[in-house]
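The values are calculated or read from the model by the stated rules, or taken from the named source; none is laboratory data. It should be emphasised that the depicted structure is a prediction, and the values quoted were computed from it without experimental measurement. Reconstructed Cβ throughout: ideal geometry from the backbone, glycine too, with neighbour counts over all protein chains shown. Protein only, heavy atoms only, side chains kept; ligands, DNA and RNA dropped before computing areas. Shrake-Rupley method; radii C 1.70, N 1.55, O 1.52, S 1.80 Å.
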Amino acid sequence: RQQRFLDSSSGPSVDGSFRMSSAGVSPDRRSGRSIASKFMPTSRRAFKGLKDCAKKLIDCESLSYYLEDWILERMNSTSSDGKWSFKSPFLIDELRKLDYALEGVVFQQLLRMPCMDHVSGIAKEEEYLALEDFLLASADGLWRTFWHKNGPLPFFICCPLRAGSKFYTVEKAMSRGKIGGLCGAALMAKNGKDMQGQWDQVVEFALFKSEIGSENELGLSASTISEALFYGFHIILSRSLSKSDTCGDSVYLLVLDPKFGGVVKFGGDLSKLDLSSGNPYVSVANWMKNHAEVYVSPIDRIWNKLGNANWGDLGTLQLLLATFYSIIQWKGPPRKSIAALAADHSLRLQKRRIECRLTENGVTPIHTQLEHQNQGEIVELEDDTDSCYRKQFDRLVLEPNEVLVLEDSQGQKGFQIKDTLGNQTCSLYSAVSLDQPSELLTVHVGAHPSRLEPSWEDMSTWYQVQRQTKVLNILKQRGLSCIYIPEIIASGRVLHPGPCSKKSPGGRCDHPWCGTPVLVTLPVGEPLSSIIAQEGPLSSEEALRCCRDCLSALKSAASVNVQHGDISPENVVKVSSGAHYGGVRYHRYVLVSWGHAVLEDRDSPGMNLQFSSTHALQQGKLCPASDAESVVYLLYFLCGGSLQDMESIEAALQWRERCWARRVIQQQLGEVSALLKAFSDYVDSLCGTPYPVDYDIWLRRLNRVVGDSESLDRGKLVERNSIVLVRGEDVAESSGTSPLQ
């Protein structure tokens, strides 16, 4: 069973060398428990000798004096067979399989590792709290995944001052002023109700230093390795002297600093330890050189610049695999093996490929034929061979002049399709109502409920249709009406041609269109993304107008405690009103796509690496100034600012930090308008704070510099059960705002 669990395979180690063993893993792990069984002193004399050695071996630097030259010699070894060089404790294949096995597993680390060049006393406390949280999250995640999903965790975290000293929790060390003397943290096995840690209870030890790398930064320094061996020997010696049933003559040692980490695996047969020299440091050093087995991994980044652990990266996988094998030493093989969980990766990969092919081919289905199920082949069927399956995934596609009939709470309504808007896979159309054909409307066609699982593309239409319907209805119920926010005209479900056999008003029949949701809104406009692609950056006047209109929409929404949460060039449209002022046709900018709007704390905003606020990317939530920050990024882009390709949240956060620190955004906006530059400075001061944006003062300033041509269409304000009369001279300062504010 243990051999099956290890799922042996030969392959390259992390350090790039190749090695082979009968189990396909490190030679010291063939049993799945330890290098050898636990050494037990066979005589009182041997027991007393080891006990005296444990008492005298207390100075790490004295042992390092006898070990560092030997360590440097092995580290610098260039022999072709690698006989003397330190090998990595893990194979690449082992780490790859662990990575596959942990897909979807969440390690709930709550505390971040502080990133500071100069470590103060407070930062030291934060570092050890983050280290404790990291070790606990690692052990808990592995235990719940491979051993027991429920029940208490049989481990806890304690920290020693030095080898042989008492263990303290981080909180107790902080309260007693000993935090500066801690040398690391240990994952301890619980022994009944006794939470006073002993050295023979150490499952795994994490040596924590300010810096662990060597000068070339390719691996651990010699002093760090010797210090790790010092603590590793002390743990093995404590296990041998223990009366309890402790495990094995090997130990995994995590070596960490606030950025990087690696693994040292150390073990050996203590029966070969010769203490006749009288100097325990010389005896132990000779034993390590001649009889111990030492494996050293490369170091890699563990915590990113924000202090979050890179759980899926190579460095963290090494630490997790070391913790995994340490738990095996104490608790035996897991209920679920790495190989078993990693085998599910192929199934997940197959499902993802099917989804991608469905997206690429539109409605062409791909699935496994029944007669080839034993071979696991994925084949593409001809269009005419599986019409029923294909029909299930047909998307409702509308053509110009076609009439769409939908059913809502007030009855049936008909709309004639005029054109397709944008390139959003035929889900957005312009149309006119059959009752009032004089005004163009926007028709959003959602995905059939049966398609919400197979494709993320269809989930996005859920936000555009179902979720946006809910948000716009809530805004309407709360008395909000603003010309810079879409107005909901109708919402319901498509009435398809032919008979419908649904059994209830909210049910569906077998027709592929039955139950498809539709949302109709006013007005119709051209997205700013299309305008910029065709015409280039906006002029100064248009940028100011866009800023004014977006802030008006945000102020109106904020008055009823709603935030947009997904501001981008695709979600701001330019709308022509048809009215003229001084020979110039009036237009305005409308903030659309309210499907990701945040109505309450549990709602999550949309994630856009280029335009989302810093707080949204870091926390997955909005702060009061998040929408205003997104408006600043939008203006920066509209005014010709360069937005680099961002492949990750970390890259997006680094770009924001760099741009704000160097005032790149303010400089770009300052070339267009001093007012926009001042607004970006104001938003910069609010980012991440609990303070709301003062929209009134900025709308007054923007209304002074933006022309008054828009006043022709400014009778539609926020109303609450009354018609608000606005004086002509006050119109410029009340656009899109609530008179009750």
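In this label model, ARG176 and GLN667 are separated by 5.4 nm, measuring between points 7 Å along each Cα→Cβ vector. Could you check how much of the accessible area of segment 528-709 is carbon and sulfur, as a whole percent, using a 1.4 Å probe? C and S fraction of accessible area: 45 percent.
Positive-end ranking of GLN618, VAL590, SER673 along the dipole of segment 528-709, with charges on Cβ about the Cα centre, is headed by SER673.
Model label points for GLU73 and ARG96, set 7 angstrom from Cα along the Cα-to-Cβ axis, are 3.7 nm apart. Projected label points at ARG45 and ARG478, each 7 Å from Cα along the beta carbon direction, are separated by 8.6 nanometres. Given R0 = 35 Å, the distance between the Cβ atoms of VAL705 and GLN416 translates into a calculated FRET efficiency of 0.25. Only the Cβ atoms of Lys and Arg (+1) and of Asp and Glu (-1) were treated as charged; on that basis the dipole of segment 528-709 about its Cα centre amounts to roughly 480 debye. Taking the protein heavy atoms of segment 233-329 in the context of the full set of protein chains, the accessible area attributed to carbon and sulfur is 46 percent at 1.4 Å.
Structural descriptor for segment 528-709: relative contact order 25 percent, calculated from alpha carbon pairs under 8 angstrom and at least 6 residues apart.
In the context of the full set of protein chains, segment 528-709 has a per residue accessible area of 41 Å² (1.4 Å probe).
The 3J(HN,Hα) values that the Karplus relation (6.51, -1.76, 1.60; θ = phi - 60°) gives for segment 682-695 are, in residue order, 5, 5, 4, 6, 9, 4, x, 9, x, 8, x, 7, 8, 5 Hz. Gly and Pro appear as x.
Phi-derived couplings, Karplus 6.51 cos²θ - 1.76 cosθ + 1.60 at θ = phi - 60°, listed residue by residue for segment 310-322: 8, 4, x, 7, 4, x, 5, 4, 4, 5, 5, 5, 4 Hz, with x used for Gly and Pro.
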